Amino acid sequence: MTHHDHSHSHDHDHSHDHGHTHELTFEQKLEKLFDHWIDHNESHRETFLTWAQRAREAKLDRVADQIEKAGQAAGEITRLLKEAEKELKG
């Protein structure tokens, strides 16, 4: 069984200064956050679905069902974030 490295950070507010010559607008910050949130969430969704399959192979069907539901919920989160991003971009 492989161990998934969960090394990414969960607190990305991107408000610290990286020495940029200009500050991002609020909308630009949101666009960057949408990209990050969607990528991050999709990574979780894929992990949920992988582990649901492993749980099913281990005859843990009820556990697998719940993990699959979490994967489906993550898919809904991605859909909502993409809708918000589309709205922002007009």
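Beta carbons closer than 8 Å, at least 6 apart along the sequence or on distinct chains, pair a first residue in the stretch 50-61 that is of a type in the set (F, W, Y) with a second that is at pLDDT 95 or above for W51/I67.
Taking the stretch 20-41 as the range and being surrounded by 13 or more Cβ atoms within 10 Å (Cβ to Cβ), at pLDDT 95 or above and among the hydrophobic types (A, V, I, L, M, F, W, C) as the test, the residues that pass are L30, L33, F34, W37, I38. Among the conditions (1) more than 22 Å from G90 (Cβ to Cβ); (2) among the hydrophobic types (A, V, I, L, M, F, W, C); (3) loosely packed, with under 12 Cβ neighbours inside 10 Å, the only one that A64 does not satisfy is (3). Remark: A52 matches the filter, which requires a residue to be more than 22 Å from E31 (Cα to Cα), assigned to a helix (DSSP H, G or I), aliphatic (A, V, I, L, M) and touching a Gly at 6+ places or on another chain (Cβ under 7 Å).
The values are calculated or read from the model by the stated rules, or taken from the named source; none is laboratory data. Keep in mind the model is a prediction, meaning the values are calculated, not measured. In this analysis, Cβ positions are derived from the backbone assuming ideal geometry, glycine residues included, and neighbour counts consider all displayed protein chains.
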